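Structure, as structure tokens:
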Amino acid sequence: MNNSQQRGGDRSADADRPQARGSDRSVARRAELIAIGRKLFADTSYDALSMDDIARQARVAKGLIYYYFKSKRGYYLAIIEDSVADLVQRAAGDTELPPVERVHRTIEGYLRYAEHHQAAYRTIVSGGVGFDAEVHAIRDGVREAMVGTIADGAYGRRAIPALARTALLGWLCSVEGITLDWIGRRDAAGERELPRDTVRELLVRTLRETLNVIEEFEPACPAPPP
């Protein structure tokens, strides 16, 4: 390679570096705005927050939010998607654990997320503002991911027969109802009516019964040993 070619290659490499740094900054800035938005929507409803309110509370120019998310709705959907990814990641647990322990970890992670991110959890489970098809699609994606995680822990695979999937989905919908009730109830002293460990064991027990019923209908899906 001659000197001019080498200099040209160096210039090309140098030209790429600022772009990469700019991209990293953009990703970090976008993530920062999402983190701010999660806190804002945790305390205030979607309809009650205008873009001016969001920009003022986030201490950024309104145009910056439009730049990254195009609209208030785009911002809201990005926040929900980020919350969903967090929920699924926390619930997935350690894939190296034995199957039964993985199921316990999955339910524990799910409950911990709901307990510490109540507004985000309610938004995910309820399907967002009114009947929002896109948020419902995100919620359904969460359910499929959770069913896959439970199936992987129980059977060692995510691909399961339709009846097994339907039964696990039914169990998960009951989990959502129980979890919503649990995080919303307090006793006279302001404490939770039920400790998290009790709720977790309740959900594990009902899952065990569901897996036993699945085995009756689908012998190819034997329930794991207790």
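Working note: Karplus 6.51/-1.76/1.60 with θ = phi - 60° gives the range 60-68 the couplings 9, 6, 4, x, 5, 5, 5, 4, 8 Hz, where Gly and Pro are set to x. Put simply, when 48-54, 114-120 are sorted by average Cβ atoms within 10 angstrom per residue, most first, you get 114-120, 48-54.
For the range 76-217, the relative contact order works out to 24 percent when only alpha carbon pairs closer than 8 Å and six or more residues apart are counted.
Across the range 203-209, coupling constants 3J(HN,Hα) worked out from phi with the 6.51/-1.76/1.60 Karplus curve, θ = phi - 60°, read 5, 4, 5, 5, 5, 4, 5 Hz, and Gly and Pro carry x.
Every number in this text was worked out from the coordinates using simple rules, so none of it is lab data. Everything numeric here is computed off the predicted structure, so don't read it as measured data. Quick reminder, even Gly has a Cβ in these numbers, built from the backbone with ideal geometry, and neighbours come from all protein chains shown.
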